[in-house]
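*Asks:* Below is a structure I'd like to ask you about.
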Amino acid sequence: MPHAEAAAPLLSLRDLSVAIRGRGLLHDVSLDIAAGEVVALTGESGSGKSLTALATMGLLPTRAQISGTLRFAGQDLLPLAEPQRAALRGRHMSMIFQEPMTALNPLQTIGQQIAEVCAIHRAPPPDLAALLDRVGLDLPPSRYPHELSGGQRQRVVIAMAVALRPKLIIADEPTTALDVTTQSQILTLLKDLTRQHGSALMMITHDLAVVADMADRIVVMNKGHVVETAPTATLLAAPQHAYTQSLLAASAHRTKLPPRAVGSRLLAARDVTITYPAARRLLRGPAPVPAVQKVSFDIRKGERLGLVGESGCGKSTLARALLGLQPLAEGEITLDGAAINTRAARQRIQVVFQDPYGSFNPRHRVRRLLAEPLHLLDHRPSRRDVDASIARALTDVGLSPDDAEKHIHAFSGGQRQRLAIARALVISPELIVLDEAVSALDVRVRAKVLDLLADLSAKRGLAWLFISHDLSVVRSVTDRVLVMDKGQIVEDAATQALFDRPAHPVTRRLLAAAPRGV
Amino acid sequence: MSRALILGMVLTLTVLAGAALSLVWTPYDITQMSIPDRLQGPSGAHWLGTDHFGRDILSMLMLGARTSIAVALVAVGIGAGVGVPLGLTAAARRGGLVDEAISRLSDLVFAFPSLVIAILITASFGASALNAILAIGIFNIPVFARLTRGAALPVWQREFILAARTFGKGAGRISVEHILPNLTNLLIVQCTIQFSLGILAEAGLSYVGLGAQPPTPSWGRMLADAQTLVTLAPHVALIPGLTIVLTVLGLNLLGDGLRDALDPRLKVIRA
Amino acid sequence: MWFYLARRLLSLGVSLIAASAVIFLVVEIAPGDPAAYMLGINAQPETLAALRTELSLDLPAPARYWHWITGMLGGDFGTSYTYRTPVADMVADRLTVSLPLAVMALVLAVAVALPAGLFAASRRGKPGDVAVMGAAQLGVAVPNFWFAMLLVLGFAITWRIFPSGGFPGWDQPLQALRALTLPTIALALPQAAILARVLRSSLIDALHEDYIRTARAKGLTPGQALRRHGLRNALIPVLTLMGLQFSFLLAGAIIIEQVFYLPGLGRLIFQSISQRDLITVESVTMLLVFAVIVVNFLTDVAYAVADPRLRRQGRRA
C-alpha cells in the first residue's frame, strides 16, 4: 500500500534513547508510521521492541530516562506532563498487551471496564452490545473476566482499544499467549478493525510469519537498535542487514532428521483416562471432568512421535501421565511391560520441559543438577563414572565439560535448554518426552536446539515424544503425529501424510490457522 | 547494604552483646537492694538511674535482655522447628487429608492468640518464663506452617520438581533437597519478624504477670513495677520501654533489610 | 459461593467444638481442687463434698464437658466459684467496657491506616512515603501497654485532659467515653501501623499488575488507576489481615485494661486466675476464642462478597 511521501507521518520517533538506572536499553531509535499504515516491529527477546511501544504510549517506569524526540499527530510528546499524556492514551493512541489472562481487573465486569475508556475521556457511553459484537464476542457485558477464555479476554482488551477509534493502535505480541486457531482469528480481527477505522497499527512480534501477510513495512530491532526498515516484501525477499538475514534463515530453517529407523514396541498406552480433581473432601465439589479419555497409542524404539493440540486439549496432562506423575483413573501405561512409575521404567524415559528458567533448582551447580537422574540407577556409580557421564552429556549438547562447576544463572535460555537435554541424556534413556521444549526459545536458538535433537537421534538412536502447539516445528522433527482434541486422540498419521492430507476437521483447522512460513 | 539494614544490625548486635556480657559481668549486682539510692535519675555512677529498690537499671536491662532473647529465641525455635516440617508435609500432600488436617489445626491454633494460650497455661500450671515460651512458641507454629505451605506450593509446580519426580525421588526427599533450600530466604526473614514479635509478646505477658516471675529480671516486669512510680520518676518507665522499642525496631529493620537484600518479592506474614 | 460458604460454615462448627475441647482439657488437667481452694485448708470433708456436688465437680469429666457446652449454647456459662453468681451476668457486665473498647479501637485503627497506606503507596519512595512508613515502623515496635503509660504520663498527669484510669460506668456517657479515649488510642495506633504497612505493600503489589497498565493505556493517570483499580484489589488481602488482627485487638484490650484499671473482661480473667475460679476462666476464654473464630468466618464471607471469582463459583460448574 503506497503512501503519500509528502504528508507528515502520524508517529515519528527520532533518535529515541531510553535508559533505566544508567543502563541503556534503547539507542537512537528512529521510525515513522503513517496514518492507516501497518508497521511490524520485530526482533528477539531483549531487542527493545516492547520498550519502544511503552515509550510511545508514555507508560515507561517512572525511573526510566528518555531522550530524543517523539512526535505524534504533529505534537511533541516528550515535554508533556502525565495528565496530557493520559488524555491522549485510549483516545488517540491505544495499546493491546501480550497476556490477556491478567490484563483485566478481576473485580469489575467487562462492560464496566470497556465503558471506562469513554467515561475517562468524557465521551458518550458506548453501545456495549454493538462494540462486543464488533470484536466478535457474543457475551453480556455483565460477565467478569474470570468467566472468559484467553481469546475472549483479548477481544475485550481490543474492544477497549478501539472503542474511541484512535489514530494509532499498538499491539504488543497480542497473540503469543493464545492458541493457533484463536491467534489467526485475533489477527484477522485486528486487521479488519484497523482498516475499517483507518487507524495505524504498530504490531510487535517475535514471529515474522505472523506479520508477513499483514504489515506494510517491517522494522527489525536488535539489542536496542533499529537494524533495518523496509517494506515487507522487500525485507523478506532481500534482507540487507546480516542480523535480519540470520533471523530469516532461522525462521526458514528446516531441521534434517536422520532417516526413520524404528525397532520393537517401547511404550504402550492403553485406554488411558485421567480425571481432575482427585482430592477427597468432606463436601464434594462439582463432578470431575475427564482431562484425557480412553487414549491408546504406542511408541516404538527410535521413533520420533509428535503430539499436537490446542491448550487445554489434555496433551500436557497426558505427558505427565507418561512420566508417571499423574495417577490414571483408568487404563495403563507400560514401558517394555513395566509399569511406568517403577524405577525400571523411569531409567529408560526422561523429560525436557518448556521453561528453561524453571527447569533447574536455582540453588545447585550444574554438576549436581545433571547428576540428579543417576538417583535412578540401581548402584550409585563412582564419582569418576559420574564425572564421565556428565562430561559426555555436556559435550553431546555442545557445551564444555568445564561447565559442570558453574551455577545455573551463568547460562542463557538456549544454553539452559541444552543443559536440560544433557540432564535427560545422563542415564542414557531410550525415550525422551519433550514438552513444548523449544516454545520459549528465540527463533535462532530454537533452530540450533532442533538441529541438536536431530544429531542426537542419529548418534544415540533416541525415541521421543515431541509435544507442541507449533505445527511447523513438529513437522520438522517427527515421523508420526498424534492430534489431540478435548482429551481424545482424533488423528494419528505419518507426518508427511498428515500435513498433505489432514483427515480430521480439528487437524485441518490447526493447519489452516498456522501462520504460513516465510 | 541499605542504611536501614545497618541500623538494624547495630541495634540488634548491641542488645545481643549486652545480654552476652551480663553472663559474666554487670555494672552492679542487682540482688543487692539499696533503699537510700532508690529512684535516682541517670548519673555517672548509674548511667540509666536506679529503680524503687535502688537497683541499677542498666544492669537490670542487661539481665532482662537475656530473658527476652531466651524466650523469643526458643519460641521461634519451637515455631519453626514444628511449623516448617508441618508446612512442608502439607504442601507435599496437597489436597489430601493430611494437608486438610494440618490446615484446620493451624486455623484452630490461630484462634488462640498467644495471650489466651498463656492465660490457659497459667490457669493450669501457674505463671513462669516457661509458660511464656510455650504460649509464644505454640502460637508461632501455625505462622511457620502456613508460610511454609504457602511458599512451598508454587515451588512444587516448578518444572525442576517435576523433573526430580521423574528421577524417582520421593516427596520427603524432594522437600528436603529442593523445596526447603528455596524457602530459606523467606524463613530467615520470617524468623527475625517472629523474633521481634516474641520480644513484644514476652514483654506483654510479663507485664500482666503471666511471664517470668521475680526475681528473674524482665523488661515487661520492670514496666509493671514502674507504673505506679511514673509520676515520681518517669525514667523508670521510659528507659525499659525505649529499650523494648529499640530492640524490636532493630529486629524489624534487620528483617526488612534482609528481605530487600535477599529478594524484595518475598511474601512474609505480618500479624 | 454457597458451596464455599457451606464449607466455611462446617469448618466453623468443627473449630468451635475442637476449641472448646482444648480449653476444657487444659483447665481439666490443672492441679488443685477448686472446691478445696474456695473453702480453705480447714474445710470439713462433708462441706467439701457438698460443695463439690453443688458445683457438679463430682461428675465424670465427659459429663461435665457436655454440661458445660450445652449450657453455653443456651447462654448459661456456669456459676462462678468465687462470686456464686452466673458467669454470664459477669461477662455481660464486663462486655459493656471491653466491646466498645475493641470496636472503637478497630474503627480508629482502620480510619488512620487507610489514608496513611494510600498516601504512602501513591508517593512511593518520596519524602511523604518515607515519613509515614518511618512512623509506622516505629508504631509496630512500640508495646501498646507502654504507649498507654506514655499517654497517661502526657494526657492525664502532665496535662490532665483525660482520666488516668478507672471507669465511671455508662450512666455518665460523656465521662465513660473520656475514660475510654486513651485506652482506645493506645490499642489502635500500633495496630494501625501494622495495617498501614500491609495496605501500602499490598497496593504497591497491585500497582504492578497488568490490569493497572491496561487502565493506564485507557488514559487513566497513575493516581486514578490506583484508586479505581488498585484499591479494591489491594483491600482483599488487607481484609484477611483485619480478621486476624481482631484476635490481637482482643488480647491487646486485655492488657490495656490492666494499665487503665478498666473493669473489662481482661480484669475478670486475671482475677479469676488468681482466685482459681476456673469455670470463669474457661468460659471467658471460650468466649474470646468464639469471637475470633466467628470474626474470621465473617472475613471469609466478606471475601466471597468482594471477589467475583468466589461469588460466581457456582455458575461456571
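The values are calculated or read from the model by the stated rules, or taken from the named source; none is laboratory data. All values derive from a computational prediction rather than experimental measurement. Cβ coordinates were reconstructed from backbone atoms using ideal geometry, including for glycine residues, and neighbour counts include every protein chain displayed. Calculation scope for accessible area: heavy atoms of the full protein, side chains included, ligands and nucleic acids excluded. Shrake-Rupley method; radii C 1.70, N 1.55, O 1.52, S 1.80 Å.
*Asks:* Explain nothing, just the number: dipole magnitude of the protein assembly as shown about its Cα centre with +1 on each Lys and Arg Cβ and -1 on each Asp and Glu Cβ, in debye rounded to the nearest 20.
*Replies:* So the magnitude is around 1960 debye.
*Asks:* Tell me, what ³J(HN,Hα) does each residue in the range C:92-100 have, in order and in whole Hz, if you take phi through Karplus 6.51 cos²θ - 1.76 cosθ + 1.60 with θ = phi - 60° and put x for Gly and Pro?
*Replies:* Karplus values, whole Hz, x for Gly and Pro: 4, 4, 5, 4, 5, 9, 5, 5, x.
*Asks:* Springs between alpha-carbon atoms under 10 Å, Gaussian network over chain C: tell me which of C:ALA92, C:ALA120, C:ALA43 tops the mean-square fluctuations.
*Replies:* Taking springs between Cα atoms under 10 Å, the residue moving most is C:ALA43.
*Asks:* For the protein assembly as shown, what does -39500 (n - 2.57) per DSSP helix run (n ≥ 4), summed and divided by total residues, give at 222 nm, in deg cm²/dmol to the nearest 500?
*Replies:* The per-residue figure over the protein assembly as shown is -17000 deg cm²/dmol.
*Asks:* Just going by the charge dipole of chain A, with Lys and Arg at +1 and Asp and Glu at -1 on Cβ, which of A:SER142, A:HIS225, A:VAL474 is farthest out on the positive end?
*Replies:* A:VAL474
*Asks:* List the trypsin sites (Lys or Arg not before Pro) within the range C:1-88 that fall in a DSSP loop (any state other than H, G, I, E or B) and whose Cβ has at most 16 other Cβ atoms within 10 Å.
*Replies:* Sites meeting the loop and neighbour criteria: C:ARG84.
*Asks:* What's the local net charge at A:SER45, with K and R +1, D and E -1, over the other residues with C-beta under 13 Å away?
*Replies:* Its environment carries a net charge of -1.
*Asks:* Of A:LYS49/A:LYS167; A:LYS406/A:LYS448; A:LYS167/A:LYS191, which ones are farther than 18 Å apart at the Cα?
*Replies:* Going by Cα-Cα distance, A:LYS49/A:LYS167; A:LYS406/A:LYS448 fall outside the 18 Å limit.
*Asks:* What is the magnitude of the charge dipole of the range C:2-73 about its Cα centre, with +1 placed on the Cβ of each Lys and Arg, -1 on the Cβ of each Asp and Glu, and no other charges, expressed in debye to the nearest 20? Let's see the in-between values first.
*Replies:* Details: 4 positive and 5 negative charges, 104 e Å.
Dipole size: approximately 500 debye.
*Asks:* Across the residues of C:296-309, average count of Cβ atoms on other protein chains within 10 Å? Mind dumping the intermediate values first?
*Replies:* Details: counts 3, 0, 0, 0, 0, 0, 0, 0, 0, 0, 1, 4, 9, 6.
Mean partner shielding for this stretch: 2.
*Asks:* Separation of the range C:1-66 and the range A:362-407 by C-alpha centroid, Å?
*Replies:* Between the Cα centre of the range C:1-66 and that of the range A:362-407, the gap is 63 Å.
*Asks:* Given the C-alpha centroids of the range B:170-208 and the range A:58-113, what is the distance between them in whole angstrom?
*Replies:* Computed from Cα coordinates, the inter-centre distance equals 42 Å.
*Asks:* I'd like the distance separating the alpha-carbon centroids of the range A:436-481 and the range C:159-212, in whole Å.
*Replies:* 63
*Asks:* Which one of B:LEU108, B:LEU11, B:LEU153 has the biggest mean-square fluctuation once chain B is modelled by GNM with Cα springs under 10 Å?
*Replies:* Highest fluctuation of the listed residues: B:LEU108.
*Asks:* For chain C, what class follows from the C-alpha gyration tensor (a ≥ b ≥ c being the square roots of its eigenvalues): rounded when a/c is under 1.5, otherwise prolate if a/b is larger than b/c, else oblate?
*Replies:* Here chain C falls in the oblate category.
*Asks:* Using the Cβ atoms and a cut-off under 13 Å, what net charge is assigned to the surroundings of A:HIS379, where Lys and Arg are +1 and Asp and Glu are -1?
*Replies:* 0
*Asks:* Mind checking the mean number of beta-carbon atoms from other chains within 10 Å of the Cβ atoms in B:247-253?
*Replies:* So the per-residue partner count for this stretch is 3.
*Asks:* Turning to a different aspect of this structure: So, by mean Cβ neighbours within 10 angstrom, what's the order for A:166-172, A:111-117 with the highest one leading? Intermediate values should be presented prior to the final figure.
*Replies:* Working: A:166-172: 23.7, A:111-117: 22.0.
Ranked by mean Cβ neighbours within 10 Å, highest first: A:166-172, A:111-117.
*Asks:* What are the residues whose amide H is under 5 Å from the amide H of A:ASN222, where those residues sit 5 or more places off or on another chain and H is modelled from the backbone?
*Replies:* Those lying under 5 Å, H to H, from A:ASN222 are A:VAL227.
*Asks:* As I understand it, the dipole of chain B uses +1 on the Cβ of Lys and Arg and -1 on the Cβ of Asp and Glu, about the Cα centre. Which of B:LEU249, B:GLY83, B:ILE57 lies farthest toward its positive end?
*Replies:* The Cα lying farthest towards the positive end belongs to B:GLY83.
*Asks:* At a 10 angstrom cut-off on C-beta neighbours, averaged per residue, how do the peptides B:213-223, A:495-505 rank from highest to lowest?
*Replies:* Ranked from most to least packed, the peptides come out as B:213-223, A:495-505.
*Asks:* Could you give the size of the charge dipole of the range C:88-274 about its Cα centre, using +1 on the Cβ of each K and R and -1 on the Cβ of each D and E, expressed in debye and rounded to the nearest 20?
*Replies:* Roughly 860 debye for the range C:88-274.
*Asks:* Using DSSP to define loop residues, name the chymotrypsin sites (Phe, Trp or Tyr not before Pro) in the range B:35-131 whose beta-carbon has at most 13 other beta-carbon atoms within 10 Å.
*Replies:* Counting only loop positions with at most 13 other Cβ atoms within 10 Å, the chymotrypsin sites (Phe, Trp or Tyr not before Pro) in the range B:35-131 are B:TRP47.
*Asks:* Would you mind giving the mean number of other chain beta-carbons within 10 Å of the Cβ of each residue in A:361-370, as a whole number? Walk me through the intermediate numbers first.
*Replies:* On the way: counts 11, 4, 6, 4, 0, 0, 0, 1, 2, 0.
Mean partner shielding for this stretch: 3.
*Asks:* Tell me, what is the per residue accessible area of the range A:461-518 in Å², probe radius 1.4 Å?
*Replies:* Heavy-atom SASA per residue in the range A:461-518 reads 42 Å².
*Asks:* Here's another thing I want to ask about it. Report, for the protein assembly as shown, the % of DSSP beta bridges that are antiparallel, rounded to 5. Working shown, then result.
*Replies:* On the way: 47 of 84 bridges.
If I count the DSSP bridges inside the protein assembly as shown, around 55 percent turn out antiparallel.
*Asks:* If you filter the range A:1-104 for GluC sites (Glu not before Pro), then keep DSSP loop positions with at most 10 other Cβ within 10 Å, what is left?
*Replies:* Details: sites: A:GLU5, A:GLU37, A:GLU44; in loops: A:GLU5, A:GLU37, A:GLU44.
The qualifying sites are A:GLU5.
*Asks:* At the nearest 100 Å², what buried accessible area, both sides summed, do you get for C and B when the probe is 1.4 Å?
*Replies:* 4000
*Asks:* Using the charge dipole of the protein assembly as shown (Lys, Arg: +1 at Cβ; Asp, Glu: -1 at Cβ; taken about the Cα centre), state which of B:PHE195, C:VAL27, A:ALA494 has its Cα farthest towards the positive end.
*Replies:* The listed residue farthest towards the positive side: A:ALA494.
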